[in-house]
Amino acid sequence: MLALQMSPLEVLERSDQSAKLERSNQSAKTDPVLFQGVLESLIDGVLILTHHGEWVHSNYAAHEICQQLNQGQPSIRAVPQPIWRVCQSLIESRDLFPDHPFIIESEIFLSRLSRIRIRARWLELGDVQSPYLLVILEDCYQSLQRQSIAEAQQYNLTPRQTEVWLLRQAGYSYQEMASELWISKDTVKKHLKAIYAKRREVLEWDE
């Protein structure tokens, strides 16, 4: 678990989504529908809690991640323990260093293709006495997929090359890629050779 000490400006710059949420605070007072629309437009999960762990609000992505982490628990709105541990670290950091804003960051490995990054910070609202906990939940594999697909388009990869590239970026070995795609290991190597050639051509052109 990592505690990052930052200036107020750096805290906002660290997360575009946090900044977007901050800018929507004023609108939320007069237009809750707009505020909800802003939350749902964010790719990552956004969870807002009180410092007592009470669930204030979440977007759909956060709800789905929390359900995944809460498997086997009766309450689907219970804050998952891995998330609450990060929040507790943030609360403790505020008690120790009240004048310094922090972002507390941690990761949960659920499986090879399921890794959740948790970032917690304080959310100050103008007319609310006690600040809320703002938790950003990032599905790292989905983020990797989006990045890999964007790269595949940039390198003009074929559909099969895109599949190989996605698995390569996820850390699959040659044999694992071959098994996943039902092709030989030599075919995997052939695809990767073509991918790297296209990638090199694009990067050299950009230079």
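Only the coordinates and a few stated rules stand behind these numbers; no lab work does. Since this is a predicted model, take the numbers as computed values, not measurements. When we count neighbours, we look across all protein chains shown, and the Cβ atoms used for this are built from the backbone with ideal geometry, even at glycine.
Just to confirm a number: summing +1 for Lys and Arg and -1 for Asp and Glu over residues other than Thr162 whose beta-carbon lies under 12 angstrom from that of Thr162, what do you get?
Numbers: positive: Arg160, Arg168, Lys198; negative: Glu151, Glu163.
With Lys, Arg at +1 and Asp, Glu at -1, the net is +1.
Across the stretch 142-156, in residue order, what do the Karplus-derived ³J(HN,Hα) couplings come to in whole Hz, using 6.51 cos²θ - 1.76 cosθ + 1.60 with θ = phi - 60° and x for Gly and Pro?
5, 4, 5, 4, 4, 5, 5, 5, 4, 5, 4, 5, 5, 8, 6
With 10 angstrom as the radius, rank His191, His57 by how many other C-beta atoms surround their C-beta, starting from the fewest.
His57, His191
Most exposed first by the Cβ proxy, i.e. fewest other Cβ within 10 Å, how do Lys198, Lys190 rank? Numbers along the way, then the final one.
On the way: Lys198 17, Lys190 13.
Sorted ascending by nearby Cβ count, the order is Lys190, Lys198.
Please list the non-local residues whose amide H lies under 5 Å from the amide H of Glu107, H modeled 1.01 Å from N, same-chain partners needing a gap of 5 or more.
Correct list: Ile118.
So for the pair Ala150, Arg94, with labels modelled 7 Å out along Cα→Cβ, what separation do we get in nm?
Here the answer is 3.2 nm between the modelled labels.
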